[in-house]
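Undergrad: This structure is in C-alpha cells; I'll ask about it shortly.
The values are calculated or read from the model by the stated rules, or taken from the named source; none is laboratory data. Every value quoted in this text rests on a predicted model; they were computed, and no experiment measured them. Reconstructed Cβ throughout: ideal geometry from the backbone, glycine too, with neighbour counts over all protein chains shown. Protein only, heavy atoms only, side chains kept; ligands, DNA and RNA dropped before computing areas. Shrake-Rupley method; radii C 1.70, N 1.55, O 1.52, S 1.80 Å.
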Amino acid sequence: MRIRLPNIIELTIALSVVAPLAHGEEGTISQEAHVHGLSELSIAMEGEKLEIQFTSPAMNLLGFEHKASTQKDLVAIENTASVLRQHKTLFLFSGSRCDHINTSIDLTVLIESDEHKKEHEEHAQNNNHSDVVASYKYRCENIGQLRALTVDVFEAFPGVHKVNAGWIKPIQQGAATLTPSHRVVEFR
C-alpha cells in the first residue's frame with residue numbers, strides 16, 4: 001500500500017492541528033494570523049519527495065503590502081522573487097542529498113493587472129494584508145537519513161524575525177520556532 005503525499009493545503013491544515021500537540025505553545029503554527037516579522041514554513045516528506053512552502057507577509061520581504069504602483073515597487077517585487085528562487089541559499093539539507101525539482105513563487109496579490117483586478121477587488125476591500133508564498137519541490141536520495149534543514153531566510157530578508165516551522169512524514173511530525181540565532185529544523 002502506497003501512502004499519498006499530502007498537498008500543501010492538507011499539510012497546512014494538519015500542521016495547524018498536530019504541531020501544538022507535538023510541541024506545546026512554542027510549536028504553535030498560526031495559519032490565521034498575519035503578523036509582521038513572523039513567517040510560516042511547512043515541510044512535507046514521503047518516499048523520496050520533499051515539499052517546502054514558505055509563507056510570509058509581504059511587509060517582511062518587500063517592506064510594503066500594497067499593490068505595486070511605481071517602478072520602484074515593481075523592482076522590489078522582482079528582486080524578492082529573484083532571492084526566493086535561490087533555493088540553494090535559503091535551504092541547506094543535512095544527512096541526505098536532495099535535488100531541486102522546481103520552485104513556484106506567488107506574488108500576484110501585489111501586481112495590478114486587469115485579469116487579477118476584479119479577482120482581488122473584493123479581497124482587498126476586506127483585507128489589507130498580502131502574503132507571499134514560495135513553494136519548493138525536491139527529490140531526496142535517502143529521505144530517511146535527512147536529519148535537519150537549515151533555513152537561511154533571515155539574512156536574505158531582515159524583516160523576518162521569526163519562522164514557525166512544521167514538518168510531517170508518514171509516521172512522524174514536529175514543529176520548531178526559528179530565529180536568526182536558531183535556524184535549524186531537526187527531523188526527529
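Undergrad: Can you sort Thr55, Thr89 by 1.4 Å-probe accessible area, starting with the largest?
TA: Thr89, Thr55
Undergrad: Right, here's the next one. Just by accessible area at a 1.4 angstrom probe, what is the order of Ile171, Ile105 from largest to smallest? Numbers along the way, then the final one.
TA: On the way: Ile171 160, Ile105 50 Å².
Heavy-atom accessible area, descending, gives Ile171, Ile105.
Undergrad: Loop only per DSSP, at most 14 neighbouring Cβ atoms within 10 Å: give me the trypsin sites (Lys or Arg not before Pro) in the range 127-186, ordered by residue number.
TA: Arg147
Undergrad: Right, something else. Contact order normalised by length for the range 34-104, with contacts defined as Cα pairs under 8 Å and 6 or more residues apart; what percent is it?
TA: 19
Undergrad: Starting from the range 64-104, pick out the trypsin sites (Lys or Arg not before Pro) whose DSSP state is loop and whose Cβ has at most 16 other Cβ atoms within 10 Å.
TA: The qualifying sites are Lys67, Arg97.
Undergrad: From Cα pairs below 8 angstrom and at least 6 apart in sequence, can you work out the relative contact order of the range 131-188, rounded to a whole percent?
TA: Numbers: 57 pairs, mean separation 20.2, N = 58.
Across the range 131-188, relative contact order equals 35 percent.
Undergrad: Here's something else I'd like to know. Using r as the Cβ-Cβ distance of Phe64 and Arg188, and R0 as 45 Å, what FRET efficiency do you calculate, to the nearest 0.05? Each step should come with its number before you reach the end.
TA: On the way: r = 39 Å, r/R0 = 0.86.
Step by step, r from the Cβ atoms, then E = 0.70.
Undergrad: Continuing with the same structure: Round to the nearest 10 and report in Å² the accessible area of Ser96, as given by a 1.4 Å probe over the protein chains' heavy atoms.
TA: 20
Undergrad: Continuing with this model, one more query. If the limit is 20 Å between Cα atoms, which of Lys49/Lys88; Lys137/Lys169; Lys67/Lys137; Lys137/Lys162 go over it?
TA: Too far apart for the 20 Å limit: Lys67/Lys137; Lys137/Lys162.
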